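Below is one structure, written out as structure tokens; the observations come after it.
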Amino acid sequence: MVEKTDGSSILPAQNLLFLIRESCRSLGISSLNRRIGICEALLTENPPIDVAILGQFKAGKSSFLNGFLGKEILPTGVIPVTTVITRLQYGPQERAIVVLFDGSRLDAPLDQLVAFISEAGNPGNAKNVEMVDVETPLLEDYPGLRLVDTPGLGSVFKAHMKTAQDWLPEVGAAIVAVSSDRPLSGDDLELLRELARHTPNVILLLTKVDLLTPEQRTEVVRFLEGALERELGRKYPIFLYSTRIDTERYNRRIAMEILTKLSLRRDLEFRNILRHKVRSLTLACVGYLEIAREIAVRNDRDRDEIRGRILDEKLSLTAIQEDLMLIARENSRQTRTYIMQHLGRLQTLLQERIAEELRLDLFWWRGNLWRLTRRYEEWLTMKMSAEMDRISRIERSHFFGTLIKAHDGFARSLSSFRALLGQNIESALGVKLAEADWRIEVAEPSRPDVGFIRVFDFHFDLLWFLIPMVLFRGLFERHFLDLVPRVVEMNLSRLGAQWEGRINAVIEAMRRQAATYVSEELATIEALLAGGDGKTAEIERWIKELKVRLAEQD
């Protein structure tokens, strides 16, 4: 059981949060609501410290946790596996608690975790799993901590509501896994930069070091140290790891220098993490308040001029929405063509393979024409169902070209909007626009079903009693084989149409999401422009008090 933190030690954070929420509510600042909620939850719930294992997909996060625990608890594989956030903490008995989005919970044996948290067992998170909590005696030495396995970053898709990126504000301490075979990408740097806003405890874990010679390890560590200091302006502790060589030695260092220290000093570390989150939130709030103050001190004539300078014609909501509509429309138009180009490359081989399998199976079929036709329809239905499902499952990443292009287009549009708005605010008021957590979330399209056509346009098989199969069986078998290309083409076309519908629906959902971001941000700025009347002294008081309390925390 985690001990309750001394109430006096969290009072400054409570006071800061009260001021932040009061000022944001008064001025209509909604951009910070989620971060405020997370900090308030930490204060009231006092949960274990979440030590999150983060990084790009296939960086070895689940393998590291299994290696550290000395037991294969989490599923691993040669393709990206983890789809659901999984939290591990001490418990006297091994068990897993699966939490669904509807709030229900169910117990599951550890050997069945793959059915809930892996892409193979729970594709696209079809079972609506929000999170899985694992209890194990193997973490007895680390009370007050939870180790958190997260889905890999670097993918455009969002398999459920709590992806690794959405979960970043909740991180207590972070171990960022970077694979030795692809050390330190731009995405890794961006992740480290964002984590600095949410936790003071960030460690770099260089995984799969067995792929490197001792000299290469030294060279890679030296490269990482230089790149991190050059790009991010700070040093990070770097730990080596491998599940194949020297695992015990690596485990001992991680246990002693990271987890044991966090666990033994849990209350102090918790206060430091909370203080860090509140400090970052306070600075963001002060940024918005400074915009409001600069607006409030101007008279009505100046305020109209400022509104015109900030919200110029380039930042027209109508114009931006039209731009987003254009991005969605142009990409949606290309979706079917893009999909069918890929499916077309599969068609001939698929036709040949199915025809060959049918030719071999036909030899063993017996009965009159009616029975033969029913057998053929059942066989082809099962075969096409399996093939279309296989193609959807294995080839689906090749269908997402327009979805990825649309996502990038929306992201660029939002980035340009944000940059222009920030420039206008700085030019008009001399203050910078506060940072915002804008991310376009993508729900991966579900796999469609498959269709089938009838064997005959006219029901010849109903006249089976008039047709001697001894004479005509060969003719009908050739007819069955001749139908295969048509059936394959029809099902591939239908599969393409169904994928088109699903992908274009996601593109439209992204467009609405991007439009909502823009609308809410413009509404916030409008609220700041209109809401400062007579509040100059109050805004000044908020800024001064927030800065004073922030200094007291330091």
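The values are calculated or read from the model by the stated rules, or taken from the named source; none is laboratory data. Just so you know, these numbers come straight off a predicted model, no measurement behind them. All Cβ positions, even for glycine, are placed from backbone atoms using ideal geometry, and neighbour counts span all protein chains on display.
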Fill in: Matching residues, region 316-333, being surrounded by 14 or more Cβ atoms within 10 Å (Cβ to Cβ) and either among the hydroxyl-bearing types (Ser, Thr, Tyr) or not assigned by TED's automatic domain parsing to the domain that holds residue 512 (or both)
332
Worksheet item: Quick check: anything in region 504-514 modelled with pLDDT of 85 or more, surrounded by fewer than 21 Cβ atoms within 10 Å (Cβ to Cβ) and under 17 Å from residue 32 (Cβ atoms)?
Response: no
Worksheet item: Looking only at region 240-262, which residues are more than 19 Å from residue 50 (Cα to Cα) and not hydroxyl-bearing (Ser, Thr, Tyr)?
Response: 240, 244, 245, 246, 248, 249, 252, 253
Worksheet entry | Criterion violated by residue 446 - all others in (1) in contact with a Leu (Cβ under 9 Å, 6 or more places away or on another chain); (2) closer than 30 Å to residue 515 by Cα; (3) modelled with pLDDT under 80; (4) not β-branched (Val, Ile, Thr) satisfied | (1)
Discussion item. Return the pair list, or none, for Cβ contacts closer than 8 Å from residues in region 528-550 that are hydroxyl-bearing (Ser, Thr, Tyr) to residues that are at pLDDT below 85 and part of a helix (DSSP H, G or I), at least 6 apart or on different chains.
Written reply: 536/293; 536/296
Discussion item. Quick check on region 196-218. Is at least one of its residues assigned to a helix (DSSP H, G or I) and either at pLDDT below 90 or not assigned by TED's automatic domain parsing to the domain that holds residue 170 (or both)?
Written reply: no
Item to complete: Go through 63, 23 for me and flag whichever is among the small types (Gly, Ala, Ser), in a helix (DSSP H, G or I) and under 23 Å from residue 204 (Cβ atoms).
Response: 63
Discussion item. For the list (1) touching a residue at least 24 places away in the same chain (Cβ under 8 Å); (2) among the hydroxyl-bearing types (Ser, Thr, Tyr); (3) over 21 Å from residue 191 (Cβ atoms), I need the number of the one condition that residue 86 fails.
Written reply: (3)
Worksheet item: So which residues in region 334-360 are without any contact (Cβ under 8 Å) to a residue 12 or more places away in the chain and either surrounded by 14 or more Cβ atoms within 10 Å (Cβ to Cβ) or within 26 Å of the chain's Cα centre (by Cα) (or both), if there are any at all?
Response: 353
Worksheet item: Is it fair to say residue 552 is modelled with pLDDT under 85, surrounded by fewer than 20 Cβ atoms within 10 Å (Cβ to Cβ) and part of a helix (DSSP H, G or I)?
Response: yes
Practice prompt. Pick out the one residue from 194, 219, 215, 170 that is surrounded by 12 or more Cβ atoms within 10 Å (Cβ to Cβ), of a type outside the set (A, V, I, L, M) and farther than 17 Å from residue 53 by Cβ.
Written response: 219
Discussion item. Suppose the filter is surrounded by 13 or more Cβ atoms within 10 Å (Cβ to Cβ), outside the structural domain of residue 417 (by TED's automatic domain parsing) and either closer than 19 Å to residue 197 by Cα or at pLDDT 90 or above (or both); does residue 269 pass it?
Written reply: yes
Discussion item. Looking only at region 302-325, filter to residues that are in contact with a Leu (Cβ under 7 Å, 6 or more places away or on another chain) and among the charged types (D, E, K, R); which one of those is farthest from residue 417 (Cα to Cα)?
Written reply: 303
Fill in: Flag if residue 41 is modelled with pLDDT under 90, part of a strand (DSSP E or B) and at negative phi
no
Discussion item. So in region 122-151, with the set limited to residues that are touching a helix residue (DSSP H, G or I) at 6+ places or on another chain (Cβ under 7 Å) and at pLDDT below 80, which one is surrounded by the most Cβ atoms within 10 Å (Cβ to Cβ)?
Written reply: 151
Practice prompt. Report yes if some residue within region 180-192 is over 22 Å from residue 151 (Cα atoms), at pLDDT 85 or above and among the polar types (S, T, N, Q); otherwise report no.
Written response: no
Fill in: Within region 312-327, considering residues that are more than 15 Å from residue 516 (Cα to Cα) and without any contact (Cβ under 8 Å) to a residue 12 or more places away in the chain, the one farthest from the chain's Cα centre (by Cα)
313
